[in-house]
Amino acid sequence: MATAFVIYGVLMFLGGIFGFVKAGSKASLIMGIISGILIFAGAALLGSAYTTGRAILTFTSFILSGVFGIRLFKTRKFMPSGMLLALSLIASFLAVQLFVSGG
């Protein structure tokens, strides 16, 4: 399961870089880096006995789902907001499953 979150983190990280390169958006760069680091940290902490990793992943994926949902509503364009919303919703579902199962 950690592999799925690492891939999600890489996509968020690269998405921030892509947003900066394509549109010059410093906000995308900063938020992509921050969200990628949070997702990597959550995935790294999944093996520990603490719920910290699961909480980080759940919180981050829910926040990103909200952000991309708002962007999709405003722009009405599937790319990139809709695609990232779909990925974030899947990550949210997986994070909640981890959190509930304790695993």
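The values are calculated or read from the model by the stated rules, or taken from the named source; none is laboratory data. In this text, all values refer to a predicted model and were calculated from it rather than measured experimentally. So basically every Cβ, Gly included, is an ideal-geometry build from the backbone, and we count neighbours across all protein chains shown. Keep in mind that these areas ignore ligands, DNA and RNA; they rest on the heavy atoms of the full protein, side chains included. Shrake-Rupley method; radii C 1.70, N 1.55, O 1.52, S 1.80 Å.
Hey, can you tell me all the residues within the stretch 48-84 that are without any contact (Cβ under 8 Å) to a residue 24 or more places away in the chain and open to solvent by less than 30 Å² (accessible area, probe 1.4 Å)?
Within the stretch 48-84, 53, 68, 69, 81, 82 qualify.
Which of the residues spanning the stretch 89-101 are of a type in the set (Ser, Thr, Tyr) and either touching a His at 6+ places or on another chain (Cβ under 7 Å) or under 11 Å from residue 59 (Cα atoms) (or both)?
92
Taking the condition of a type outside the set (S, T, N, Q) and in contact (Cβ under 8 Å) with a residue 60 or more places away in the chain, does residue 38 pass? Can you show your working first?
Numbers: of a type outside the set (S, T, N, Q): yes; in contact (Cβ under 8 Å) with a residue 60 or more places away in the chain: no.
Here the answer is no, as residue 38 does not meet what is asked.
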